[in-house]
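Here, each number is a calculation from the coordinates, and none is a lab measurement. Bear in mind that the values here come from a model prediction, so they are computed numbers and not experimental data. Cβ: placed from backbone, ideal geometry, glycine included. Neighbour counts: every protein chain shown.
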Amino acid sequence: MSRKLIYTGKAKDIYISSEDEDMIVSVYKDQATMLNGARKETVAGKGALNNQISSLIFEKLNAAGIQTHFIKQLSKNEQLNKKVTIIPLEVVLRNVAAGSFSKRFGIEEGIELERPILEFYYKNDDLDDPFINDEHVLFLDIADTDEIAYLKKETRRINNLLKKWFEQIGLTLIDFKLEFGKDADGRIILADEFSPDNCRLWDAQGHHMDKDVFRRDLGSLTDVYETVLERLQKLT
Ligand code: TMP
């Protein structure tokens, strides 16, 4: 069946569903990138692992009452999602200092943040996704005050659920990035994916169980993602 490609991203290609114009098919690719695509490698099996991990997590979020774009997993690399207009914000939530936060503020990685810290980045490849605040979000007409408040509240609610689930499988959720979109009725719902590509997970020994394995050349990315998936599958 022919279907129309509407977006090709670093980790996924997006098609309009041939059955319903309000739905998209997200195809997870075997590609790992960093530095806004400056480093790009084929990693066999990564797409299927991330599709399975993200499907499992979004199913659990849906069941917990979070409004998301996830409908169902279609195949190893494909899932069916509601079509949304993506809000051009990367919403980052940090439970523990790491990555750019540690670098920016000179704080050692691994220090727990008493109150999780939420950050906005403007999703714009040409500008390298700059760090922005609420006033920039208003100025750039990305979201209004109520929408900003909703995004923050929903992200913290999602964090509480995810933190608990990962804790149950021996992993600490250090930080993560979410993207939201507006559906056909203008409702803001969680979109994109949740996988070790866009979060940091440390095991009890402090091993990196996420894309930092690729970013920092720490070993086999797919071995680590496989472990995360196997543990998640044991969650009840
Ligand atoms: P950072 O420490 O590099 O700012 O990343 C914070 C979290 O956000 C980390 O879990 C990785 C994720 N992230 C993305 O998913 N996409 C991005 O483009 C960036 C910069 C971070």
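Some notes on this structure:
- Among the candidates ASP192, ASP210, ASP183, ASP203, residue that is acidic (Asp, Glu), in contact with a strand residue (DSSP E or B) (Cβ under 7 Å, 6 or more places away or on another chain) and closer than 14 Å to LEU49 by Cβ: ASP210
- Options LEU127, LEU118; residue that is over 18 Å from the mean Cα position of the chain (by Cα) and at negative phi: LEU127
- Any chance ASP212 is surrounded by fewer than 16 Cβ atoms within 10 Å (Cβ to Cβ) and either β-branched (Val, Ile, Thr) or over 18 Å from TRP165 (Cβ atoms) (or both): no
- Of the strands (runs of 3 or more DSSP E) that lie entirely inside segment 58-117, those containing 2 or more residues that are crowded, with 20+ Cβ neighbours inside 10 Å, of a type outside the set (Asp, Glu) and touching a Leu at 6+ places or on another chain (Cβ under 6 Å) span 89-96.
- Restricting segment 149-180 to residues that are aromatic (Phe, Trp, Tyr) and closer than 21 Å to HIS69 by Cβ leaves a set whose member that is nearest to the ligand (Cβ to nearest atom) is PHE176.
- For ILE53, the conditions (1) touching a residue at least 24 places away in the same chain (Cβ under 8 Å); (2) loosely packed, with under 14 Cβ neighbours inside 10 Å; (3) within 14 Å of the ligand (Cβ to nearest atom); (4) not acidic (Asp, Glu) all hold with the exception of (2).
- Considering (1) of a type in the set (S, T, N, Q); (2) in contact (Cβ under 8 Å) with a residue 60 or more places away in the chain; (3) surrounded by fewer than 13 Cβ atoms within 10 Å (Cβ to Cβ), the lone condition that THR222 does not fulfil carries the number (3).
- Given (1) in a strand (DSSP E or B); (2) surrounded by 15 or more Cβ atoms within 10 Å (Cβ to Cβ); (3) away from the ligand (no atom under 15 Å from the Cβ), number of the condition TYR121 does not satisfy: (3)
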